[in-house]
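J.: Here it is, the structure in full.
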Amino acid sequence: YTAVPVIPTPLSLTLSGVPPPANAQIVHSGAACNVNDDNISERIYTIKEGYTLVLQCIVKGHPRPQVRWTKTAGSASDKFQETSIYNETLRIEGIQRVQGGRYYCKADNGVGVAAIKSIRVDVQYLDTPVLTVHQTISDVRGSYYQEKTVFLRCTVNSNPPARFIWKRGNILIEQSKDNGVDIYEPLYTQGETKVLKLKNLRPKDFADYTCQVSVRNVCNIEDKSVTFRLTNATTPPMIRLSVNDTVVVVDPGQDVLLNCEIMAGFPAPTVTWSRYPGPLPLSAQVRGPMLFLRAVTPADAGFYNCSAVNNVGNPARKNVNLIVRTMTNLTFQITPDSNKDSETIQMGRDLKLSCHVDATPQDKVNYSWYKNSAPVFNSESLIILRSDPDMAPGTSSLEIIDMKFRDLATYSCMANFPGSRVPELRVDVNISQNVSPPVLSVPPGGQVVSVQEGGNTELVCLVVDGKPRPPVLWSRAEKDLLMPGGRSVTETPDGRLRMRNVSRDMMGVYRCQTAPYNGLNIKRREAQVQLNVQYPPILDPVFQDLRSRNYQMVTLRCAVLRSNPPRLTDIRWFRNGEFIRIPMPDLKETPELQFKLEPRNNGSYECRVSNSIGMSTCTFNVSTKPYNAEFYFDTPNPVRIQKGNNYSYNLQWTQRDPEATDPIIGFWLIVRKNKQNVLLKQIDLRGKEPEKGVLMSHTISDLKIPLAYEVRLAPITTYCTGDYISRTIQYSEHHVCGFEDERICGFSQDRSDVFDWTRQNHLTQNPKRSANTGPETDRSGTKEGYYMYIEASRPRVQGDKARLLSPLFNVTSVRGPKGSGRVPYCVSFYYHMKGKHIGDIASHTTVDSEVWTKSGHQGPDWKRALFDVSPSGPFQIVFEGIRGPSFEGDIAIDDVSITIGKCKQENTVASAGKTGKSFKGWEM
């Protein structure tokens, strides 16, 4: 055999369209139970609950698309996964049933229409069934006899719907063979419940009953069952609590013991305790039917529920409301004679003192009134109201009728719980002729408070007169706005509202009011304070990169969006840090600078806009340089082997907005050895003008195996050279082809054969093709993935050959084992040979004889082949398909890999090098 000569690839510059996002493709690498197709555009991914779901969105396109995951009826929320939804991989650990649904990946790169693909995730599960027993006794024919009927109800949650089987002992119960039973499904349960009815109970019906549920082993979910023993003693549970009242009131620090005593029930009921709201306290101790709470606190209050369940009848439930006494914040109000619209204390008129405490339970609070430390009793002039209907619930009032000088005194209100260890609270109210209504005042100059954003300030509203002096309540004048702390009202005892780290959203009008408690209960005094938050001008744009042709007029605009104070004090323009002397701009107009762009006035322009608070800047990078080129990183199989231990690299890029500046006449391409400041070559790529949205290519040849190189690229105009961009290119000994690229990775058809191999996928294949032969998907199981195949239908006849040639591979300078001059290579590929008329497939090299062959039907799955070659010179791999005796003989290949070194059977073909199938899987 003679080696095929290697012809060096010439330098070339070609144009082709920039790819928009190609059809998105969702592939899976989680623990799938099954993957099938609902229709031509969507796949169903079945997974067991608790397993890890991994979906990957494979997209091609340039610029590289951004991928975002969403889900039907909600987004692919972060709480469901470990990784961001803005990621090619969506990973959900321990998937739950509520996370099933249709997942979408959307890829967009701003070119063309966004690519969208969906996959339906079906989470399957089977819970343990619950078996409950219900008994009825009814009179039949008057009072002659009674009929006892038992219903065994079996309920389960599952996906898919479960199948139910009833057994008495180990014997299957069949309704058609036993007139004493009836098996039915209640309509409202939608297939999740089966009922076994035992009619007119017979002695043989007292037995063990088993309800077995099955989802037919989907996702390897095994059957589950529950068994119940029915006897003549079977009865539902009955319980009683150790406390007689449904409400239990205790003091803080007390121990509480609740016993849930079982009165009846067979089988023996199981007792559980729960609490609402929230779980049982951490300090709670449950010992069988008893619940023990040690040293309770107000946080332990709530409804405690005892439930007894034995799956017969309905569960028995009792609950008790545990209330822990608390008492805080005792306040008072003084109400002058409301019938006379009075706001002061006047002799001969009525006066009411009110006392309120925040307590639990509010209705158990006892109020006592004292005058000059002596108890007050009801009389004609002093009337005690235990619950004042004119006040908030739980308020006690003392009314002074026809006030006399003798009524001027100190009155005390005492609040307590009778017989409780909770300390009582007391408030004293001095009633004298000095009691007067408050006067609320904002200090001079305090009506408007100005503060710089980020600073601290206080709003002041003082009670300057009146006795007693109530606290001051602050709120926003605009109803929908909250106070800085997030509340609607803020109380200040001294009328000073302190604010820290003030922001512009705090700006506005604040209302201050006298509180109705701890003072006179009269018309509220009110005032307002304006908070003015000052900040420097907010400008647009903050930064703009502006490119233009030479000798064109350029206009720079710096818009003032907001400013406080709005009056501007100064506008200045700078170029490269130096002040531009121009007439003073109109401070009321949008700052603007207009000039003719020339090579000498390229640079960084700043517009500095000031008000009395500070300065802000608009920055413009103005240049006649072209925008940077952008490298394309998805070039299929860019490396080609050349003779002399060399390789070439197909470099591709696009040019951003080439028409923005003077015409681009070419590019400078610099190649250096990686990590070394050694210039290898400088290539002048003149003569081809880039177009917007067009991919450009250049093949860099004579690169040494296995070295990597730094390449730098810059556009050129007639006036200047743009900025360089840099990337590293490297040689790889690993060549993988999944035939996703139309150029099939450099593979070619042998012109000496009878017919050709064909590239196709499920979506492009002939819908009238022969059934029962050929693959439905590519090797990864995706209908969008491509493969190469031979069509055995007419006009093909038995023995016709199709030969597919790989690119030419050069043997590197690496020596083989034990000093041999031959370097071993591992050839791996997948083949599909389904059909009763399958012929032969063989693999050759151009320097050796046939190295692998397979004949006849090999089943419906893709299978992997590996073999070693040790070529003596440059070589190609030849795939030869031979047509069998009839039309059911289609043969396909996919994922061809050529790797330096001997094959290892445990190795798998990593699809990362396969364009468009970077995560195709790791199947063997």
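The values are calculated or read from the model by the stated rules, or taken from the named source; none is laboratory data. The structure presented is a predicted model; accordingly, all values stated were derived computationally and were not measured. Heads up, the Cβs are rebuilt from the backbone with ideal geometry, glycines too, and the neighbour counts pull from every protein chain shown. Surface areas here come from the heavy atoms of the whole protein model, side chains and all, with no ligands, DNA or RNA. Shrake-Rupley method; radii C 1.70, N 1.55, O 1.52, S 1.80 Å.
J.: Working with all protein chains in place, sort Thr395, Thr227 by solvent-accessible area computed with a 1.4 Å probe, largest first.
T.: Values: Thr395 5, Thr227 85 Å².
From most exposed to least exposed: Thr227, Thr395.
J.: Of [x] 1.00; [y] 1.13; [z] 1.10, which is the value of Rg/Rh (Cα atoms, Kirkwood Rh) derived from the coordinates here?
T.: [y]
J.: Only Lys, Arg, Asp and Glu count, each charged at its Cβ (+1, +1, -1, -1), so figure out the dipole size of region 130-229 about its Cα centre, rounded to 20 debye.
T.: Here the size comes out at about 180 debye.
J.: Exceeding 30 Å between C-alpha atoms, which entries from my cross-link table qualify? They are Lys60/Lys902; Lys48/Lys117; Lys224/Lys863; Lys704/Lys902. Display every interim value, and only then the final one.
T.: Numbers: Lys60/Lys902 32 Å; Lys48/Lys117 23 Å; Lys224/Lys863 37 Å; Lys704/Lys902 23 Å.
The pairs that break the limit, which is 30 Å between Cα atoms, are Lys60/Lys902; Lys224/Lys863.
J.: Same structure again: From the convex hull of the Cα coordinates of region 439-534, what is the mean projected area in square nanometres? Spell out each step's value before the answer.
T.: Details: hull surface 23.2 nm².
Over all viewing directions, region 439-534 projects a mean Cα-hull area of 5.8 nm².
J.: Further, regarding this structure: Please calculate how many Å² of accessible area the chain carries per residue, with a 1.4 Å probe and no DNA, RNA or ligand atoms counted. Could you put the intermediate results ahead of the total?
T.: Details: 46290 Å² over 924 residues.
For the chain, the solvent-accessible area averages 50 Å² per residue.
J.: Given a cut-off of under 8 Å on Cα pairs at least six residues apart, what relative contact order in percent is computed for the chain? Walk me through the intermediate numbers first.
T.: On the way: 2330 pairs, mean separation 68.9, N = 924.
Averaging sequence separation for qualifying contacts and normalising by length gives 7 percent for the chain.
J.: Quick one: net charge of Tyr370's neighbours, Cβ under 11 Å, K/R +1, D/E -1? If you can, show how the numbers build up before the last one.
T.: Details: positive: Lys371, Arg426; negative: Asp428.
Here the charged neighbours net out to +1.
J.: Over the chain, with every protein chain in place, what whole percent of the accessible area is carbon and sulfur at 1.4 Å, could you tell me? All intermediate terms of the calculation are to be shown ahead of the outcome.
T.: Values: 22370 of 46290 Å².
Summing carbon and sulfur atoms, their accessible area is 48 percent of the total for the chain.
J.: Any chance you could run the full-extension gain for Asp255 through Leu187? It's 0.36 nm times the residue separation minus the Cα-Cα distance, nm to one decimal. Before the final figure, lay out the partial values.
T.: Numbers: separation 68, 0.36 × 68 = 24.48 nm, distance 4.95 nm.
Gain on stretching Asp255 to Leu187: 19.5 nm.
J.: Under 4.7 Å Cβ to Cβ, no partner at all: give me those cysteines from the chain, in residue order.
T.: When partners are defined as cysteine Cβ atoms under 4.7 Å apart, the chain leaves Cys720 without one.
J.: Which distance in nm do the two modelled labels at Arg743 and Arg498 give, with both placed 7 Å along the Cα-to-Cβ direction?
T.: Those two pseudo-labels are separated by 7.2 nm.
J.: Which residue, Pro775, Ile262, Gly835, has the largest displacement toward the positive end of the dipole of the chain when charges sit on each Cβ (Lys, Arg +1; Asp, Glu -1)?
T.: Among Pro775, Ile262, Gly835, the one farthest towards the positive end of the dipole of the chain is Gly835.
J.: With the Cα gyration tensor of region 538-623 giving a ≥ b ≥ c as the square roots of its eigenvalues, does the rule (a/c under 1.5 for rounded; else a/b larger than b/c for prolate; else oblate) give rounded, prolate or oblate?
T.: On the way: a/c = 2.17, a/b = 1.92, b/c = 1.13.
Prolate, since a/c reaches 1.5 and a/b exceeds b/c.
J.: Two decimals is fine: what is log10 I(q)/I(0) at q = 0.09, 0.15, 0.17, 0.20 Å⁻¹ for region 604-758, from a Debye sum with one equal scatterer on every Cα and no solvent?
T.: -0.44, -0.91, -1.05, -1.25
J.: Using a 1.4 Å probe and ignoring any ligands, DNA or RNA, find the accessible area of Asp723 and quote it in Å² to the nearest 10.
T.: The accessible area of Asp723 comes to roughly 60 Å².
J.: Right, another one. Let me know the shape class of region 286-393, please: from the alpha-carbon gyration tensor, a ≥ b ≥ c as square roots of the eigenvalues, rounded when a/c is under 1.5, otherwise prolate if a/b is greater than b/c, or oblate. Don't skip to the answer; put the middle values down first.
T.: Numbers: a/c = 4.00, a/b = 3.09, b/c = 1.30.
Verdict is prolate for region 286-393.
J.: Give the aspartates and glutamates whose C-alpha is closer than 12 Å to that of Lys167, dropping any in the same chain fewer than 8 places away, or say none.
T.: Cross-link targets: Asp205, Asp208.
J.: Follow-up. In the full protein assembly as shown, how much of Lys106 is accessible to a 1.4 Å probe, in Å² to the nearest 10?
T.: Surface open to solvent at Lys106 totals about 100 Å².
J.: Using a 1.4 Å probe, how large is the accessible area of Trp757, given in Å² and rounded to the nearest 10?
T.: Near enough 10 Å² of accessible area.
J.: What spacing in nm lies between the two simple spin-label points modelled at Arg727 and Lys479, each 7 Å away from Cα in the Cβ direction?
T.: Result: 6.1 nm between the two label points.
J.: Please give every one of the aspartates and glutamates within straight-line cross-link reach of Lys204, meaning a C-alpha to C-alpha distance under 18 Å, and leave out same-chain neighbours fewer than 8 residues apart.
T.: Within the straight-line cut-off, Lys204 pairs with Glu147, Glu174, Asp178, Asp182.
J.: On full extension of the chain, what length is gained from Arg97 through Thr328, given 0.36 nm per residue of separation minus the C-alpha to C-alpha distance?
T.: Difference between extended and current length: 78.4 nm.
J.: For a paramagnetic label modelled at 7 Å from the Cα of Asp684 toward its Cβ, which residues of region 632-673 fall within the zone defined by backbone nitrogen distances under 15 Å?
T.: Inside the label zone: 665-670.
J.: On a straight-distance basis, which lysines could pair with Lys467 in a cross-link, Cα separation under 22 angstrom, same-chain partners fewer than 8 positions away excluded?
T.: Straight-line reach from Lys467, under 22 Å: Lys340, Lys352, Lys371, Lys404, Lys523.
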